[in-house]
Amino acid sequence: MNVVRDHLSYNTDFDARAYSKPRKSVGFIFLLVCALAFLGVWYLPTPYVIEQPGPAYNVLGQDGGKPIISIENAASYRTSGNLDLLTVQIAGNREQTPSWIEIFSAWMDPSKSVLPIDQVFPANQTTEESTAESTAMMEQSQQEAIAVALKNLGYEVPVELYVSEVTKDSPSSGQIVAADFVKKVNGVPVTTIEELRKNVNEFDGKTPLKIELTRKGETKIFSISPKKDETGAYRIGILVGYKYDFPVKVNLQLGDVGGPSGGMMFALGIYDKLTPGELTGGNSIAGTGTIDGSGLVGPIGGIQQKMFGAQRAGAKFFLAPKDNCSEVVGHEPSGMKIFKVTTFKDALTAVEKIGKGDDLSSLPTCTTK
């Protein structure tokens, strides 16, 4: 019996050894495959980019050793404090998207946003084209800012509507060219983009519009039949902007920053440089918002990232466009007062009150009307 028991014991031990190695090998391979698959998923290209706070630039100061705002042929005055123009950085592009690890980390960070790549970099647009468009928008924004500041200082600022681009194969193609100045539509003078858009949309669908313009000082009139776009609005296929004749030469330079969202802060900085006294009273004030020639402040993207950027730059006060208020409420950085602005005059009033140390309770915020 002892022999049998020993034999059975031996056989049992033999069976365990015989099958443990294959089982362990299979288990190890399975875990390895899972780990590789997990890592592969994390590091595979993603359909997202990350929006995060970028640098803050004091428009009253310098960039690269040169003044961001400089004035010629007019008196300029000493300034103090900060009027911070805020930026947003995009991590990733179509050539190299963030990893899933970076995306997950951004989802956990309240100062960052994860956006579909098509929202930031349209599929039919290269990174270079996107950069060029952003630069053009910044240049136009700067022109609007100069115009607003000068007009609020009492200067006359003549302006014309100019054609910046003609869309290929559009109703205007082969007739209107870039650098033309649009004067009238069907004999009616147009001086703003809104007026031009309104008059074009009065097209009856039959009779071509008479578009009057000047080219190198010569008047030309073209018959153009607009076409409807995907929204149902009539378009003639041109991009237009404003060409100002400024009585004061204002130079603005700010590295590689693009986009139109710095318009309001540029306008405040120019106004401060051209007026005696120190508008900010030495305070650090940040803000963001587009601006048009009438002084209207418009909404921008990345407002939450810009608030965090302002906080990191040490700003205690923040000027936010009215139409961004829904994105502001509930995301305010601690220790920062945020004021709602609709026009340049609203922004100027807020800065003046902050600079003088006045009671700020009367200034509108995103939680008040």
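The values are calculated or read from the model by the stated rules, or taken from the named source; none is laboratory data. Quick caveat: nothing in here was measured; it's all calculated off a predicted structure. So basically every Cβ, Gly included, is an ideal-geometry build from the backbone, and we count neighbours across all protein chains shown. Side chains included, ligands, DNA and RNA excluded: accessible areas come from the protein's heavy atoms. Shrake-Rupley method; radii C 1.70, N 1.55, O 1.52, S 1.80 Å.
Taking the listed residues Leu213, Leu239, the one that is part of a strand (DSSP E or B) and either acidic (Asp, Glu) or over 28 Å from the mean Cα position of the chain (by Cα) (or both) is Leu213, with no other qualifying. Within segment 200-249, the set of residues being crowded, with 17+ Cβ neighbours inside 10 Å and either β-branched (Val, Ile, Thr) or free of Cβ contacts under 8 Å to residues at least 12 places away in the same chain (or both) comprises Val200, Ile211, Ile224, Ile236, Ile238, Val240, Val248.
Can you name the residue in segment 119-165 that is of a type in the set (A, V, I, L, M) and in a loop (DSSP other than H, G, I, E, B) and, of all such residues, is most open to solvent (accessible area, probe 1.4 Å)? Ranking the candidates gives Ala123 first.
Among the residues of this structure, Val182 counts as one that is surrounded by 20 or more Cβ atoms within 10 Å (Cβ to Cβ), assigned to a strand (DSSP E or B) and in contact with a strand residue (DSSP E or B) (Cβ under 7 Å, 6 or more places away or on another chain). For segment 52-86, taking the residues that are in a loop (DSSP other than H, G, I, E, B) and more than 19 Å from Ile285 (Cβ to Cβ), the one that is most open to solvent (accessible area, probe 1.4 Å) is identified as Asn73. Among residues of segment 157-184 that are without any contact (Cβ under 8 Å) to a residue 60 or more places away in the chain, those with a beta-carbon under 9 Å from a residue that is open to solvent by 30 Å² or more (accessible area, probe 1.4 Å) and of a type in the set (Asp, Glu) at least six positions away or on a different chain give the pairs Ala178/Glu165; Val182/Glu160; Val182/Glu212; Lys183/Glu160; Lys183/Glu212; Lys184/Glu212. Residues that are acidic (Asp, Glu), open to solvent by 30 Å² or more (accessible area, probe 1.4 Å) and either in contact with a Leu (Cβ under 6 Å, 6 or more places away or on another chain) or within 22 Å of Gly301 (Cα to Cα) (or both) within segment 250-279 comprise just one, Asp256.
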